[in-house]
Every structure is written in structure tokens, then in C-alpha cells.
Amino acid sequence: MIEVKNITKTYGKKDNVFRVLNDVNFTIPDGASVAILGKSGSGKSTLMHVMSGLDRPDKGQVVIDGQDILSMNQKDIDKFRSTAMSFIFQSFFVQANESCYDNVSLPLEIANVPTKKRRSKIEAALKAVELIDKKKSRARELSGGQKQRLAVARAIVNQPKILFADEPTGNLDSVTGGVVEDLLFDYNKRNKVTLIVVTHDEDLANRCDIQIRIKDGEIESVKGKK
């Protein structure tokens, strides 16, 4: 379970203070798919960064399985993130000059997984996104949709408990985006992984179990499927 408690985040000082998140509260059950919805500038990406420990709020808690991750020191929070969380972004962020195999290997290297244990994990992740035949290809040789599927493989290779996706289909056409969405939701259901999608896409949000709508840094509504 993820409990977000009283999260407030501001930027700037004195007369130039901007409150990007204001006393945000909600709970996400394990294994749920969740959409965080809002217009550009609403605070949704900042909320994701705070929930994952990438950014620290002015006050509040993010409690995951009973542990407030924001109370950890930076080294421990980085270790927790490398083993329990993964991220997929709109801009792919794959290493263009590296092979697909090496791209997917990166999270395992960060998590200090022994080299001899990596191969089976990497190949399983590439098979899951139907890129095993591109194992030796450089990422720059892939299409946009293939790059995003590679990003999905990289995100799932370490079998995270929580998968964050920030506008994961924003740079893709509708057909290719649908393929990537299916991969994410299939992984969510099959592995009972918590999937948190930051989006402004209502159709994508409607595929999620829970929709958290944010406006001007505050929770406007929280809705679940009936």
C-alpha cells in the first residue's frame, strides 16, 4: 500500500513562492493501476517525483508498506528506488549507442545484480516486449514505438513492485501507443504490480482502476471503477 499524507511542495522564496502541491492525501492499494490526471502545470509530475523520492516536499509523508520513504537518508532512498521502483518516460531516455541488451541491463547493474544472473532476466524482459530479435541492435536503430517498448523492458527487468509511467504514450501514434498501453496493463495484472500513470489522456486514464485528478496542486477528485 502507498499512503500519500499531507504532501505540500513549494518552489521559490519570499514574494516569489509558488505552491505546486498543497496538502495532498490519498491511498493506493497494492497491485492497483492508477492514473494521475491533470493539465500541464497542475503538479502531477511533481507529485510523481515526490512519491518516488526523486524530490522532497516541504512537508508530508509517502508511506510504502509501512515505511515513510521520505524519512530515509539519500543513500537508502536511492537503494529502495533501485530495487522497488521503475520508471518509463515520454521521451524514452534509452542509450542510443548501446545495444538493446545493454540498455535493459542498466537497472540490474545499478541494483548490483551479479553478472551471471542478468542474462535470463534481460532476455525475459526483451521477450515480454517482443524485442528479443533486436537484442544486439543499437537503440538508435529502433522506431519510436520500439524504443518505448525497450524502455518498458528496462523498467520491468528488475521486477519492481511499483512502476511509474509519465506520459508513456505521449510521443507515439494511437496504434503504437495502444500496444505500449497493453504491455503496461498486462504486466500490472499478471504480476500484481502497482502501476502509476501520469497523463492528461482521458482514454488511458479510464483503463486504470483509480483516477486521481489534480488541479492547481490540490486533489480535485479520486474515483475508482465500480
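Every read-out reported here was derived from the displayed coordinates using simple, explicitly stated rules and does not represent laboratory data. What you are looking at is a predicted structure, and each value in this text was computed from that prediction instead of being measured. Positions of Cβ are backbone-derived with ideal geometry, glycine not excepted, and every protein chain shown enters the neighbour counts.
A Cβ-based charge dipole, computed about the Cα centre of the chain with Lys and Arg at +1 and Asp and Glu at -1, lands at about 620 debye.
If the Kirkwood radius is taken over C-alpha pairs of segment 14-122, then at 37 °C and 0.692 mPa s the Stokes-Einstein diffusion coefficient equals 198 µm²/s.
Summarising the strand pairing of segment 80-226, around 40 percent of its internal DSSP beta bridges are antiparallel. Ordering Val180, Val129 from the fewest to the most neighbouring beta carbons within 10 Å gives Val180, Val129. Applying 0.36 nm per residue to the separation of Thr10 and Ser221 and subtracting their alpha-carbon distance, the gain on full extension is 73.8 nm. Taking every DSSP helix (H) stretch of at least 4 residues in the chain, weighting each as -39,500 (n - 2.57) and dividing the sum by the residue count yields a mean residue ellipticity at 222 nm of -11000 deg cm²/dmol.
Within segment 53-144, which chymotrypsin sites (Phe, Trp or Tyr not before Pro) sit in a loop by DSSP and count at most 13 neighbouring Cβ atoms inside 10 Å? Sites meeting the loop and neighbour criteria: Phe93.
Plugging the Kirkwood radius over Cα pairs into Stokes-Einstein for segment 110-226, at a temperature of 37 °C and a viscosity of 0.692 mPa s, what D comes out in µm²/s? So the translational diffusion coefficient is about 210 µm²/s. Extension gain for Glu123-Lys75 works out to 14.3 nm (0.36 nm per residue, less the C-alpha to C-alpha distance). Residues Met1, Met51 in ascending order of nearby Cβ atoms (within 10 Å, fewest first): Met1, Met51. With the simple spin-label model, which puts each label point 7 Å out from Cα in the Cβ direction, the Asp30 to Ile132 separation comes to 3.0 nm. Peptides 25-32, 147-154 ranked from most to least packed by the mean count of surrounding Cβ atoms within 10 Å: 147-154, 25-32.
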